[in-house]
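To start, the structure under review is shown below, and the notes come after it.
The values are calculated or read from the model by the stated rules, or taken from the named source; none is laboratory data. These numbers were taken from a predicted model, which means no experiment stands behind them. FYI the Cβ positions are ideal-geometry reconstructions off the backbone, even for glycines, and counts take in every protein chain you see.
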Amino acid sequence: MRTISSNEIENAVYRLALKAGVNLTPSAKRALTCAAQAETGELARYALSLMAENADVAVRESLPVCQDTGLCVVMLEVGQDVHIAGAPVAEAANAGVRRAYADGCFRKSCCDPLTRINTGDNTPAVLYTEIVPGDRVRVTVLPKGFGSENMSKLYMLTPAAGKEGIVNAVVSAVRDAGSRPCPPVIVGVGVGGTFDKCAYLAKKALLRPVGAPAERADVRELEERALSAVNALQIGAQGFGGDITALSVAIEVLPTHIAGLPVAVNMQCHCARCEEEIL
């Protein structure tokens, strides 16, 4: 049994949140650059070039890459042979977020859902934990802006909807969102499980590098179909019209009940920020 201190988790969350607030993921930056080169629409191409330039300026000036520095999602994969000593894990994660958002001068966007009173330090984080084999802890921090999060949808389809129904659900969500999630979007899709697990799968799909395909051949084919159909909408960068409405569609699947076909669509704007570290 390996023991680590909760302070290590706090410090990892701090480092990752501080870095994520300023940096796009490398795959997102590459995808934006490629999109700007491939786009044929003049306005959309200009918007894409500004997005790529903004990412460069943020790194150069150590400034938030987006004014919406997000609600902080923290995912922990905890090895079953690890003992975490010290403060409760949630307290450690929140302490790391609190310090990062203060030191990074990031906007605090977390509030009570009813009173709308700001918590003042961007906590609590949205914390997920999974028990996995081994004696390590993988810490992932995903700051989630709500221009895109608000455009996410969950569909409880029947099995008769099939693959076509899954593609239609993705297209419907993107069409309804229009320009509001700051396209080009990255679309995380969860298929299967239950109502709640399906949404979690969609969120996890956003952790995949932009453009990285699923391992299963049939899921890859579904991703390609959905991406092609989404881009055929011609919403384009920032809604200016154009060839590229989405940079990628990533689908995660899980067995479900024989009577159901849950599909969750989690929208991510072009400003994809995600950092991870293994302790």
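Just so you know, in the range 224-261 the residues that are crowded, with 23+ Cβ neighbours inside 10 Å and of a type outside the set (A, V, I, L, M) include one that is farthest from Ala161 (Cα to Cα), and it is Gly242. Is there a residue in the range 58-75 that is within 23 Å of Leu279 (Cβ to Cβ) and out of contact with any strand residue (DSSP E or B) (no Cβ under 9 Å at 6 or more places or on another chain)? No, the conditions are met nowhere in the range 58-75.
For residues that are β-branched (Val, Ile, Thr) and part of a strand (DSSP E or B), scanning just the range 172-188, find the one that is surrounded by the fewest Cβ atoms within 10 Å (Cβ to Cβ). Top of the filtered list is Val185.
Every condition in (1) under 17 Å from the mean Cα position of the chain (by Cα); (2) modelled with pLDDT of 95 or more; (3) not acidic (Asp, Glu) is met by Arg116 except one, and the failing one is (1). Look at (1) within 30 Å of Arg2 (Cα to Cα); (2) among the β-branched types (Val, Ile, Thr); (3) surrounded by fewer than 20 Cβ atoms within 10 Å (Cβ to Cβ) and you find that Thr33 fails only one, number (1). Of Phe240, Phe195, all but one fail to be among the aromatic types (Phe, Trp, Tyr) and either in contact with a Pro (Cβ under 7 Å, 6 or more places away or on another chain) or free of Cβ contacts under 8 Å to residues at least 60 places away in the same chain (or both); the exception is Phe195. Taking the range 1-17, which residues are surrounded by 14 or more Cβ atoms within 10 Å (Cβ to Cβ) and in a strand (DSSP E or B)? Passing the criteria: Ile4, Ser5.
Restricting attention to the range 40-47, does a residue exist that is part of a helix (DSSP H, G or I), touching a residue at least 60 places away in the same chain (Cβ under 8 Å), of a type in the set (S, T, N, Q) and not assigned by TED's automatic domain parsing to the domain that holds Val139? Checked the range 40-47: no residue is part of a helix (DSSP H, G or I), touching a residue at least 60 places away in the same chain (Cβ under 8 Å), of a type in the set (S, T, N, Q) and not assigned by TED's automatic domain parsing to the domain that holds Val139. The set of residues in the range 196-206 being buried (at least 18 other Cβ atoms within 10 Å of the Cβ) and either over 20 Å from Ala52 (Cα atoms) or out of contact with any Cys (no Cβ under 8 Å at 6 or more places or on another chain) (or both) consists of Cys198, Ala199, Tyr200, Leu201, Ala202, Lys203, Lys204, Ala205.
Hey, among the residues in the range 38-68 that are of a type in the set (S, T, N, Q) and within 30 Å of Ala232 (Cα to Cα), which one's surrounded by the fewest Cβ atoms within 10 Å (Cβ to Cβ)? Of everything passing the filter in the range 38-68, Thr40 is surrounded by the fewest Cβ atoms within 10 Å (Cβ to Cβ). Return a yes/no flag: does the range 140-157 have any residue that is crowded, with 22+ Cβ neighbours inside 10 Å, in contact with a strand residue (DSSP E or B) (Cβ under 7 Å, 6 or more places away or on another chain) and more than 30 Å from Pro262 (Cα to Cα). No, the range 140-157 contains no residue that is crowded, with 22+ Cβ neighbours inside 10 Å, in contact with a strand residue (DSSP E or B) (Cβ under 7 Å, 6 or more places away or on another chain) and more than 30 Å from Pro262 (Cα to Cα).
I'm checking my understanding of the structure. Among residues of the range 158-171 that are of a type outside the set (Val, Ile, Thr) and closer than 14 Å to Arg225 by Cα, which one is surrounded by the most Cβ atoms within 10 Å (Cβ to Cβ)? Outline the logic, then answer.
Step one: filter the range 158-171 for residues of a type outside the set (Val, Ile, Thr), giving 159-165, 168-169.
Next cut, closer than 14 Å to Arg225 by Cα only: 162-165, 168-169.
Working: Gly162: 12, Lys163: 14, Glu164: 10, Gly165: 16, Asn168: 17, Ala169: 22.
Within the range 158-171, the match that is surrounded by the most Cβ atoms within 10 Å (Cβ to Cβ) is Ala169.
As a summary of the residue check, Ile258 satisfies the conditions (1) over 21 Å from Leu24 (Cβ atoms); (2) touching a Lys or Arg at 6+ places or on another chain (Cβ under 9 Å) except for the one numbered (2). Within the range 117-132, identify whether any single residue is crowded, with 21+ Cβ neighbours inside 10 Å and either touching a His at 6+ places or on another chain (Cβ under 7 Å) or under 16 Å from Ile278 (Cβ atoms) (or both), and answer yes or no. No, because not a single residue in the range 117-132 is crowded, with 21+ Cβ neighbours inside 10 Å and either touching a His at 6+ places or on another chain (Cβ under 7 Å) or under 16 Å from Ile278 (Cβ atoms) (or both).
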